[in-house]
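The values are calculated or read from the model by the stated rules, or taken from the named source; none is laboratory data. Just so you know, these numbers come straight off a predicted model, no measurement behind them. Neighbour counts are summed over all protein chains in view; Cβ atoms, including those assigned to glycine, are modelled from backbone coordinates with ideal geometry. The protein model used for the area step is the full one, side chains on, heavy atoms only, and it has no ligands, DNA or RNA in it. Shrake-Rupley method; radii C 1.70, N 1.55, O 1.52, S 1.80 Å.
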Amino acid sequence: MKMNCRKRLLSLILCVMLTVAMAFTATGCNGGKNDESASDKTEAEAFADGDVLGEGSKEFAFTVADKEGNETHLTIRTDQEIVGDALQELGVIDGEEGEYGLYVKTVNGITADYDKDGVYWAFYVGGEYAQTGVDLTAIAEGESYSFKME
């Protein structure tokens, strides 16, 4: 009888230890991150107005205007040749490749979801609607670039 009781107690202890080990393993697999995807970023994670980002021989002004019209002005420094490459490298924009090039979905931590809200990021060069995508626009000295949610 004592032997059965010991086996049960040992079995119970092993089960508890196994359960605890599995819980630690499952938590550790998450890499310490929560389940937020990049598209769930909030403005709190965005760059602040007046920030200077990057290093390099080229410099340009970059503005982000959200759907309420709030503007964030950034200075971008880079050695990249293309505006989109510089902004992606610094984590200012994110998107996905489509048949027409880079489809920008997130700018400065703000996601525009056309399918959900009917808004998108429009790219401007010198205050004019751009004739090329951000991933094809060469950096020009003294030029300013912006994304506006429309």
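At a probe radius of 1.4 angstrom, the accessible area of the range 77-150 per residue rounds to 56 square angstrom.
How many percent of the accessible area of the range 63-139 is carbon or sulfur, using a 1.4 Å probe?
Looking at the range 63-139 in its full context, I get 42 percent from C and S.
I76 exposes around 0 Å² of accessible area when a 1.4 Å probe is run over every protein chain in place.
Here's the picture: a label point sits 7 Å out from the Cα of E55 along the beta-carbon direction, and within the range 69-99 the residues with their amide nitrogen under 12 Å of it are 78-79. Accessible area per residue (1.4 Å probe, heavy atoms of protein chains only) ranks D66, D94 as D94, D66, with the largest value leading.
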